[in-house]
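Trainee: Please see the structure below; I have some questions.
The values are calculated or read from the model by the stated rules, or taken from the named source; none is laboratory data. The structure displayed is predicted, hence computed values, not measured ones. Note that each Cβ is placed from the backbone with ideal geometry, even for glycine, and that neighbours are counted across all protein chains shown.
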Amino acid sequence: MTKEKQEKKKKKLKWQVKLILIILLIILYAFFIGTKGIFVKEYKIKTKKIDATMHGLKVLQFSDLHYGSSVNDKMVIELINKINETKPDIVIFTGDLVDKRHKLTEEEKESLTKNLSKIKAELGKYYVTGNEDTEQATSILNLSGFMNLNSKEQLVYSFSSTPIILLGKDTIESYFDLNNETPFFKILALHNPTDIKKYKDYDLDMAISGHTLNGLINIPKIKDLLIDGDYKKSYQKINNIKLFVNPGIGTSKINARLFNHPMIYLYRLNKTSV
């Protein structure tokens, strides 16, 4: 073998080693760093439909806890602290409390109930169920002081006679049957964003959802392949409805997240004149 060929072989080997190291680092990051830490993303929502006393009102959404996946009691406590730090007026959970791969013990049930009870929201805590939520999950949420938006719509007031309307997919039709045209600000809470297709022609201002986990692997094109349904972005407008898709807290199938840290959304409502 000539010296030139030896040099080429060495260079090729170096690149192969570097590539393997990069792949290993990405895998380690996804499993041991990407699932840690909880970030807050804030959106400012401008609307003329709220009373001036509600200007600056904060609605916090968290979703897809998937307790028992990459999420344990320590991370739940971190989540509760992060939520309370934002001092939300309203908190909405959009489904999948416990991971379907995890069998919840009585001790874990008590711990989860105790921790979720510590979430503070002056105008209430609400939830809708996800595809993995069992009666046990709804029991925990109910015992923690959350109200089910799929059981009854909620009219939320804050020093005003003008409410904000909170709806679930099982209460939206009955609400609009009785209240065809109302000038109030309306939020539809969904688990799966695909459900918005059924309600895109309704007089809604916002829809919030979860379910997709942002594909877990947040790399363009690859992420899209990992998400079922048509709504792959964090934010999109469907007719006149602002649809937000929360990437969630936990994981599903594999306990890894790449460039896609656990996240909660904070919506700050701003009163406008037009």
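Trainee: If Ala52 satisfies all but one of (1) surrounded by 13 or more Cβ atoms within 10 Å (Cβ to Cβ); (2) in the same structural domain as Ser139 (by TED's automatic domain parsing), what's the number of the condition it fails?
Mentor: (1)
Trainee: Can you find even one residue in segment 209-232 that is over 24 Å from Val71 (Cα atoms) and modelled with pLDDT of 95 or more?
Mentor: No, because not a single residue in segment 209-232 is over 24 Å from Val71 (Cα atoms) and modelled with pLDDT of 95 or more.
Trainee: Still on this model: Determine whether segment 81-91 contains at least one residue that is of a type in the set (Lys, Arg), over 14 Å from Ile140 (Cβ atoms) and not in a helix (DSSP H, G or I).
Mentor: yes
Trainee: Same structure, new question: Looking at Leu123, Leu24 in this structure, which one is surrounded by fewer than 23 Cβ atoms within 10 Å (Cβ to Cβ) and modelled with pLDDT under 95?
Mentor: Leu24 is the lone residue from the list that is surrounded by fewer than 23 Cβ atoms within 10 Å (Cβ to Cβ) and modelled with pLDDT under 95.
Trainee: Considering only segment 70-79, I want to know if a residue exists there that is assigned by TED's automatic domain parsing to the domain that holds Gln136, among the charged types (D, E, K, R) and not in a helix (DSSP H, G or I).
Mentor: There is no residue in segment 70-79 that is assigned by TED's automatic domain parsing to the domain that holds Gln136, among the charged types (D, E, K, R) and not in a helix (DSSP H, G or I).
Trainee: So which of Ile219, Ile165 is touching a Phe, Trp or Tyr at 6+ places or on another chain (Cβ under 9 Å) and surrounded by fewer than 15 Cβ atoms within 10 Å (Cβ to Cβ)?
Mentor: Of Ile219, Ile165, the one residue that is touching a Phe, Trp or Tyr at 6+ places or on another chain (Cβ under 9 Å) and surrounded by fewer than 15 Cβ atoms within 10 Å (Cβ to Cβ) is Ile219.
Trainee: Out of segment 35-69, which residues are assigned to a strand (DSSP E or B) and touching a helix residue (DSSP H, G or I) at 6+ places or on another chain (Cβ under 8 Å)?
Mentor: Across segment 35-69, the qualifying residues are Val40, Leu60, Phe62, Tyr67.
Trainee: Still on this model: Test Lys237 against the criterion of being assigned by TED's automatic domain parsing to the domain that holds Val128, farther than 30 Å from Ile26 by Cβ and out of contact with any Lys or Arg (no Cβ under 9 Å at 6 or more places or on another chain), and give yes or no.
Mentor: The answer is yes for Lys237.
Trainee: Could I ask something else about it? So in segment 34-75, with the set limited to residues that are among the hydrophobic types (A, V, I, L, M, F, W, C) and in contact with a Pro (Cβ under 6 Å, 6 or more places away or on another chain), which one is nearest to Glu108 (Cα to Cα)?
Mentor: My answer is Ile38.
Trainee: Restricting to segment 254-266, name every residue that is under 18 Å from Asn81 (Cα atoms) and either in contact with a Lys or Arg (Cβ under 6 Å, 6 or more places away or on another chain) or surrounded by fewer than 23 Cβ atoms within 10 Å (Cβ to Cβ) (or both).
Mentor: Across segment 254-266, the qualifying residues are His261, Met263, Tyr265, Leu266.
Trainee: So, one more: Within segment 256-270, is even one residue touching a residue at least 60 places away in the same chain (Cβ under 8 Å), of a type outside the set (A, V, I, L, M), over 20 Å from Val128 (Cβ atoms) and not in a loop (DSSP other than H, G, I, E, B)?
Mentor: Yes.
Trainee: Moving to a separate point now. Given the structure, is Ile45 under 17 Å from Asn142 (Cα atoms), touching a residue at least 40 places away in the same chain (Cβ under 8 Å) and under 20 Å from the mean Cα position of the chain (by Cα)?
Mentor: no
Trainee: Hey, among the residues in segment 241-255 that are β-branched (Val, Ile, Thr) and in a strand (DSSP E or B), which one's farthest from Ile50 (Cα to Cα)?
Mentor: Selected residue: Ile254.
Trainee: Considering only segment 92-123, state which residues are assigned to a loop (DSSP other than H, G, I, E, B) and out of contact with any Asp or Glu (no Cβ under 8 Å at 6 or more places or on another chain).
Mentor: Scanning segment 92-123 gives Arg101, His102, Lys103, Leu104, Thr105, Ser117, Lys118, Ile119, Lys120.
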